[in-house]
Amino acid sequence: MMIRILNTALSLLVLTILCSFTMIDKEEFIGVYGVCEQDPSAIQLTLNADQTFTYRDHSNPNNRIDVQGNWEIKKDHVVLTNYTSDYSFHTKWKIDQNGKVAKSRKGMTWYTLGKL
């Protein structure tokens, strides 16, 4: 009787652990994320199906950022890699709401971009 209870509890534990892992569908990340058209910062992140990206941030007219590179999924974030930039920028993004919103935090700066 005790072994049966233990086996049942162990089976439930394993099932719970396996169900807590969800597969990330990279297809939901594909697209263009940006600020509204009236925003002069013109921040835009494009994630392509071939795992390349382009990123534009003109929020600081003296340090305009226009970069290209690759992106990859690490844990539950999109990480931008293989780029060259003279300026530091947001390279780690959390895609929320079924791929409709990209969020990033770098220091005290928070960006939220909507899928265009």
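Bear in mind that the values in this text are calculations on the coordinates, not laboratory data. What you see is a predicted model, and the numbers here were worked out from it, not measured in a lab.
Per-residue extension of 0.36 nm, minus the Cα-Cα distance of ALA49 and GLU28, leaves a gain of 6.6 nm for this segment.
Less than 5 angstrom separates the built amide H of ASN82 from those of ASN70, all sequence-distant by 5 or more or on a different chain.
Here, segment 24-115 yields an orientationally averaged convex hull projection of 5.8 nm² when only Cα atoms define the hull. In segment 24-115, Cα pairs under 8 Å separated by at least six residues give a relative contact order of 21 percent.
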